[in-house]
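Inspection log for the structure reproduced underneath, given as structure tokens.
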Amino acid sequence: MQTAEDDALESDRPRADLHRRRRRWPWITSGVVLVVVVALGAATAAFQLGLPWWMDDGDRNHVYESDAGSLRYQVHIPPQYDGSTRLPVLMAIHGCGMTGYGWNSMKATTQLNDLADSEGFIAVYPTQRMLRSAINCWNSADPREQHRHTGEPALLAGVALQVVEDYGADPDQVHVAGASSGAGAAVILAATYPDVFATATAVAGGEYGLNQVDPEDPDVTPPSYTARQAWSQMGEQARQVPLLIIQGEDDDVVPPLVATRLVEHWVAVSDLVDDGLLNDSLDLVETTTTVPADEGRHGYLHTTFTTAAGASLVESYLVHDMAHAWPGHAGEGLFTDHAGPDASAIVWDFARRHPRGALS
């Protein structure tokens, strides 16, 4: 027979069960949040740094650390590396919406590893630090990231110097190439660290201090104005750094005018390095060659500015019918154009012809 006390215990049981369930909810919620955070972290890491099976033979991951911060990068060592031969270095800096060696990477876009294996140079792929940009851009338009010894220039130059030291590379053959915001970073490195980089390449990139140029009225800030700033940044290390420019004629993100200005800008920088004056003292010879379109390949204009001794100082490729992309038949990624000229081969050919000191 059930007593009144039993009835009271029965009535309390639902409340006790509810209380226990309520106590479990915070643990369950915390567990779900933890799983989500871990999953997001793993996904972010995979996006930024790639998956283990994405690594090729000769790939090695590193972290550079200094007072300016830290930066992850991947190095590809070619078969020619034996620890004693001083090999050249080519650092490739990705653009917005890309990574160095993760998802939609500069490594896959340029396919430099294959070229490094056949030509015998070390390829380096730095990747932007997470949360530094909403779409993983390099902050080349930020005036705080345009100076020696600080910010992204210091980190990227530090990576290059660390590769030279760790792998016994040739310090006179360290080159940098960038795409889009990475191209802006490459030009900044040519201005801030001319003692480190023998050459620079800008694919869909602009001049030093481009952030000062009003797209609606660019003539207000002539290329000579920003050229003086770039030359000033060079300081005691000032030298004529050969520059290669590759630009799509149909690029809506970085319009061709930006490349036209970059040519004028860097010619002016080189002129200032010569004697501190904008007086055409280098007497550069401008030559343009037209390569017509053929069998599904884009045509292009190749313009060179050469010194009296015949060495090219600035070279540019204006590729017809190409948008915002890295051209080349083998590239993989969102920003590639298989009908364009082989930018990676062009970059390496330009680099190997211009070791540091070749123009002096």
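For segment 198-314, the gyration tensor built on C-alpha atoms gives an oblate shape. Its axis ratio a/c (a ≥ b ≥ c) is at least 1.5, and a/b is not larger than b/c.
If packing is taken as the average count of other Cβ atoms within 10 Å, what order do 92-98, 69-75, 305-311 fall into, highest mean first?
Details: 92-98: 26.6, 69-75: 19.9, 305-311: 12.6.
Ranked by mean Cβ neighbours within 10 Å, highest first: 92-98, 69-75, 305-311.
When DSSP beta bridges are restricted to pairs lying wholly in the chain, around 50% turn out antiparallel.
Ordering of 60-67, 336-343 by packing is 336-343, 60-67, highest average first (other Cβ atoms within 10 Å, averaged per residue). Classification of segment 56-352 by its C-alpha gyration tensor yields a rounded form. The axis ratio a/c (a ≥ b ≥ c) stays under 1.5.
For segment 131-232, GluC sites (Glu not before Pro) are listed when DSSP marks them as loop and at most 15 other Cβ atoms sit within 10 Å of their Cβ; the list is Glu216.
Within segment 236-298, the GluC sites (Glu not before Pro) that combine a DSSP coil assignment with at most 14 other C-beta atoms in a 10 angstrom radius are Glu295.
Working note: Cα gyration tensor of segment 143-242, eigenvalues times five, square-rooted, sorted largest first, giving semi-axes of 25, 13, 12 Å.
Which residues among segment 302-329 fall inside the zone where the amide N is under 13 Å from a point 7 Å beyond the Cα of Asp252, along Cα→Cβ? In segment 302-329, the label zone of Asp252 (backbone N under 13 Å from the point 7 Å along Cα→Cβ) covers 323-324. With an a/c value of 1.5 or above and a/b not larger than b/c for the gyration tensor axes a ≥ b ≥ c computed over the alpha-carbon atoms, segment 81-161 is described as oblate.
Send over the semi-axes of segment 252-336's equivalent ellipsoid, whole angstrom and largest first, taken as the square roots of 5 times the C-alpha gyration tensor eigenvalues.
Working: eigenvalues 174, 47, 22 Å².
In descending order the semi-axes read 30, 15, 10 Å.
Over segment 56-352, what is the relative contact order in percent, taking alpha-carbon pairs closer than 8 angstrom and at least six residues apart? The partial results should precede the final answer.
Values: 709 pairs, mean separation 46.4, N = 297.
Once divided by the residue count of segment 56-352, the mean separation gives 16 percent.
Quick note: the coordinates plus some simple rules give every number you see, no bench work behind them. Here the structure is a predicted model, which is why all the values come from computation and not from measurement. As a convention, Cβ positions derive from the backbone with ideal geometry for all residues, glycine included, and neighbour counts pool all protein chains shown.
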